[in-house]
1. Which of the residues belonging to the stretch 64-87 are buried (at least 16 other Cβ atoms within 10 Å of the Cβ) and not polar (S, T, N, Q)?
2. Residues of the stretch 120-144 being closer than 17 Å to Phe174 by Cβ and either buried (at least 20 other Cβ atoms within 10 Å of the Cβ) or touching a His at 6+ places or on another chain (Cβ under 8 Å) (or both), which ones?
3. Looking at the stretch 168-217, what helices (runs of 4 or more DSSP H) fall wholly within it and have at least 2 residues that are over 15 Å from the mean Cα position of the chain (by Cα) and either of a type outside the set (Phe, Trp, Tyr) or more than 18 Å from Leu13 (Cβ to Cβ) (or both)?
4. Any residue in the stretch 198-215 that is under 18 Å from Ala177 (Cβ atoms) sitting within a Cβ distance under 7 Å of a residue that is surrounded by fewer than 15 Cβ atoms within 10 Å (Cβ to Cβ)? List the pairs, counting only those 6 or more apart or interchain.
5. I want to confirm something. Restricting to the stretch 88-110 and keeping residues that are part of a loop (DSSP other than H, G, I, E, B) and touching a Pro at 6+ places or on another chain (Cβ under 6 Å), which single residue is surrounded by the fewest Cβ atoms within 10 Å (Cβ to Cβ)?
6. Considering the stretch 68-83 alone, what residues qualify as being in a helix (DSSP H, G or I) and out of contact with any strand residue (DSSP E or B) (no Cβ under 7 Å at 6 or more places or on another chain)?
7. Which residues, counting only those in the stretch 151-166, are in contact (Cβ under 8 Å) with a residue 24 or more places away in the chain and more than 18 Å from Arg5 (Cβ to Cβ)?
8. With within 17 Å of Arg5 (Cα to Cα) and free of Cβ contacts under 8 Å to residues at least 40 places away in the same chain as the only criterion, which of Val98, Val72, Val102 stands out?
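Nothing in this text is a laboratory measurement; each read-out follows from the coordinates by a stated rule. Everything quoted here is computed from the prediction, not taken from an experiment. Using ideal geometry, Cβ is built from the backbone for each residue, glycine included, and neighbour counts are taken over all protein chains shown.
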Amino acid sequence: MTLERISIPHQILAGGVIAIGRGLDPLSIVRVGEGLAAGGIGAFEITLGRPGALDAIAALHGRFGGESDLLVGAGTILSQDDAEQAILAGAQFLVMPVTDPVLVSWAAARGIAAFPGAMTPTEALVGWRAGAAGIKLFPASVAGPTFVRELHGPFPDIPVIPTGGVTVETAPDFIVAGAVAVGIGSWLTGDGDPERIAERGQRIVAAIGTARAGGRR
């Protein structure tokens, strides 16, 4: 049987950031998305489990759907029903807090990039073998950059995206350790102010660019 695997979307790799929105107002979510895009952020994950999450995804898809520079995704995907509702609303990638190989394979077979959460080498390998586009290291603040570096010893081909407690101060260390991108939530999108979000977006994208070029900051 041929393994189905979707490549990491270029919008995620370009800026190296997946912005994460939790509990943001669906009526103002488009302005948040515009702030992210202005700051050079290429992907926006809306977590499920909060009121209005699917409406927020739909609103963002209406503004940024298709081949836009801002890719819209859904997080906290725990079941196929979650995945189906998110995709129906317009999600273009799926992020999970745990490693569910059946759900990862289901998404990959439908052309949807899936990022299962992993905290151990075993979970990372299980998710990768199921067809994940990349692995979400979660919670990254607990694992730290050293985990990313050590994981790439036996698994150099598995793309890692640390998420959970990542900030502009810690993101460069994860990139230097080998992460392809990072997921950032409240530090980036928490106040919902598009101008401040754009400013923070520019800061984090610049920090990641510097880290990729060989320096920490």
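1. Those that are buried (at least 16 other Cβ atoms within 10 Å of the Cβ) and not polar (S, T, N, Q): Phe64, Leu70, Leu71, Val72, Gly73, Ala74, Gly75, Ile77, Asp82, Ala83, Ala86, Ile87.
2. Selection gives Ala124, Gly134, Ile135, Lys136, Leu137, Phe138, Ala140, Ala143.
3. Passing ranges, in order: 171-177, 194-212.
4. Listed pairs, sorted by first residue: Ala207/Arg217; Thr210/Arg217.
5. Thr99
6. Answer for the stretch 68-83, where residues must be in a helix (DSSP H, G or I) and out of contact with any strand residue (DSSP E or B) (no Cβ under 7 Å at 6 or more places or on another chain): Gln80, Asp81, Asp82.
7. Across the stretch 151-166, the qualifying residues are Leu151, His152, Pro154, Pro162, Thr163, Gly164, Gly165, Val166.
8. Val102
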